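The values are calculated or read from the model by the stated rules, or taken from the named source; none is laboratory data. None of the values given here were measured: they were computed from a predicted structure. The accessibility values were calculated without ligands, DNA or RNA, using every heavy atom of the protein model including side chains. Shrake-Rupley method; radii C 1.70, N 1.55, O 1.52, S 1.80 Å.
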Amino acid sequence: MAIKILIADDHALLRQGIKRVLNFEDGFEVIGEAEDGQEAVARTLMLQPDVLLLDINMPGLSGLEVVKQLKQADCETRVIALTIHDSDNYILEMLKNGALGYLLKDVEPAVLIKAIHVVNGGDAFVYPELAERLFGSATISDDVEIKAREMLDESRGERLTAREMDVLECVAKGFSNQDIAKALGLSEKTVKNHMTRVLRKLKVEDRTQALVYVLKNKIISLD
């Protein structure tokens, strides 16, 4: 039986490219696409794919919010994050909240195909270089969700959360607090609270210093 796959990404060209790669592979069936977070949740719950290939940065709901909602809905679809972000924070937050896979968008087709098979079988698959850096091994034998939660808990006072990084990326794009609130579906007060925590964690005085720090240290990456 073919592995049913849904592709969620706000770039149509990328969706079509992935679809072409998968259609050449026996045993895969792309049953749908989504171009924003809300649609990703709705179509996943409606179509019940075996595997969801999910971008992190999308309009409406972020990829992190998508996995949270699917987890709350007890959805059995296995999720692979397919993203430009190689930050430890993003990886751990996605795994902690239910994603089983994490790949970068420059991944070779053979690795993507392998990841789909592994995740569909119920095991975790993280881009080998990222897994080696985070877990000390290219393969993960333990429960990846528990492992990610433990690693985040150990450094709770230092790591930025995925939402805090979302806010910083909006700052890097020149967004005002009002723009950030609209883009992320938050209140302006919540955005200010996130920025306050970011400044405290990074031990800097203002948002410009915070942005310089995270870009220099590759904590966030931009398109």
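What the table shows:
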read-out	value
Listed residues 204, 171, 191, most fluctuating in the chain (Gaussian network, C-alpha, under 10 Å)	204
Most mobile listed residue (96, 105, 173) in the chain, GNM with C-alpha springs under 10 Å	173
Restraint check, 105/201; 19/114; 19/105; 71/114; 96/189; 173/216, Cα-Cα greater than 20 Å	105/201; 71/114; 96/189
Directionally averaged projected area (convex hull, Cα atoms, the stretch 3-141), nm²	7.2 nm²
Sulfur and carbon atoms: percent of accessible area, the stretch 1-123 [1.4 Å]	49 percent
Accessible area of the chain divided out per residue, in Å², using a probe of 1.4 angstrom	50 Å²
³J(HN,Hα) computed for each position of the stretch 198-215 - Karplus, 6.51 cos²θ - 1.76 cosθ + 1.60, integer Hz, glycine/proline x	4, 4, 5, 5, 8, 6, 10, 9, 8, 5, 5, 5, 5, 5, 4, 5, 6, 6
Segment residue 14-residue 205, length gained on full extension (0.36 nm per residue, minus Cα span)	64.9 nm
